[in-house]
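Structure record follows, encoded as structure tokens.
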Amino acid sequence: MDQAPSSSQEAHSLPTCYRHPDRETGVRCTRCERPICPECMVSASVGFQCPECVRDGSGTGHAPSASVPRTLAGGTVAADPRLLTKLLVGANLLVFLVQLSVGDRFTERFELIGRAYIPQLGTGIEGVAEGQWYRLLTSMFLHGSVTHILFNMLSLWWIGGPLEAALGRARYLTLYFVSGLAGSALTYLIAEPNQPSLGASGAIFGLFGATGVLMRRLNHDMRPLIILLVINLIFTFSPMFNISWEAHVGGLVGGVVVGYAMVHAPRRRRALIQYGVSAVVLAAVVVMTLVRTAQLT
């Protein structure tokens, strides 16, 4: 009877994490002996260390980078795990404001189009087939309406943030652009040459695909993601909406391939495999672009 209050008192007398004062903990850093919570624990050969000691690399004889905490995919754990997602959303919104300010002339200069005469530009035949390869990339930041960009940016924020935290910045950015370019290349290859295409959907579908790979790797419930993906695909192939299904499918396939490499690459040669697979997908983008260009010229 007398021991219960004493045990409770001991539990409440635990020190708090030096980085998170609202969290009690019984674990201390093996170097500096400051209390650290589970989020701040970095596994060491003996016990756990705090992030600052790991970052400084004091007393290890190794470079600080050798013991930096890593994400599941081998990326560096960042202080702001959504930074690139915020920047991508901001870039898309900024370009959309430019579209609204400048008008169709700006959009027609940078949207994805295979080969067509655009009299508004006054320069004759335009398109990727005319050497304007930049359109494969710039079209990823253009949108056709407020609804279009709103839906895409909400999707990017919802699915991009957690994926960026899981992969790390460099791998996340690689996945985003490789998937987007895969969607652009498939659109260029299959769509009518005078059919314009624009939007971040190809890259976002790539994030969807990589998220599915990651959730399966972690044994998470994939039903919510599958339902959302099916709904998006129904909209994609519905004749009621003027949607470039080629960009969605190309981005999705690219995202699954690159995402699988990011998540499942063995640790020993992880970076080589991850970026090697990304390079292979980019090579496929180049091949599709060259093939279509040869057909149109």
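The values are calculated or read from the model by the stated rules, or taken from the named source; none is laboratory data. As the structure is a computational prediction, the values presented were derived from the model and not from experiment. With ideal geometry, Cβ positions are generated from the backbone for all residues, glycine too; neighbour counts draw on all protein chains shown.
A few remarks follow.
- Leading residue by the ranking (nearest to residue 174 (Cα to Cα)) among those in segment 254-286 that are of a type in the set (Lys, Arg) and touching a residue at least 60 places away in the same chain (Cβ under 8 Å): 270
- Selected residue [within 21 Å of residue 153 (Cβ to Cβ) and of a type in the set (Gly, Ala, Ser)] from 91, 116: 91
- Check on residue 292, surrounded by fewer than 12 Cβ atoms within 10 Å (Cβ to Cβ), charged (D, E, K, R) and either assigned to a helix (DSSP H, G or I) or assigned by TED's automatic domain parsing to the domain that holds residue 201 (or both): no
- Residues satisfying the stated conditions in segment 230-260, i.e. more than 23 Å from residue 189 (Cβ to Cβ) and part of a helix (DSSP H, G or I): 230, 231, 234
- When residue 70 is tested against (1) among the charged types (D, E, K, R); (2) farther than 20 Å from residue 197 by Cα; (3) modelled with pLDDT of 90 or more, only condition (3) is not met.
Here's the yes/no breakdown for (1) modelled with pLDDT of 90 or more; (2) in a helix (DSSP H, G or I); (3) basic (Lys, Arg):
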position	(1), (2), (3)
80	no, no, no
88	yes, yes, no
97	yes, yes, no
107	yes, yes, no
119	no, no, no
132	yes, no, no
136	yes, yes, no
155	yes, yes, no
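- Among the residues of segment 209-224, the ones that are farther than 23 Å from residue 177 by Cα and among the polar types (S, T, N, Q) come to 1 in all.
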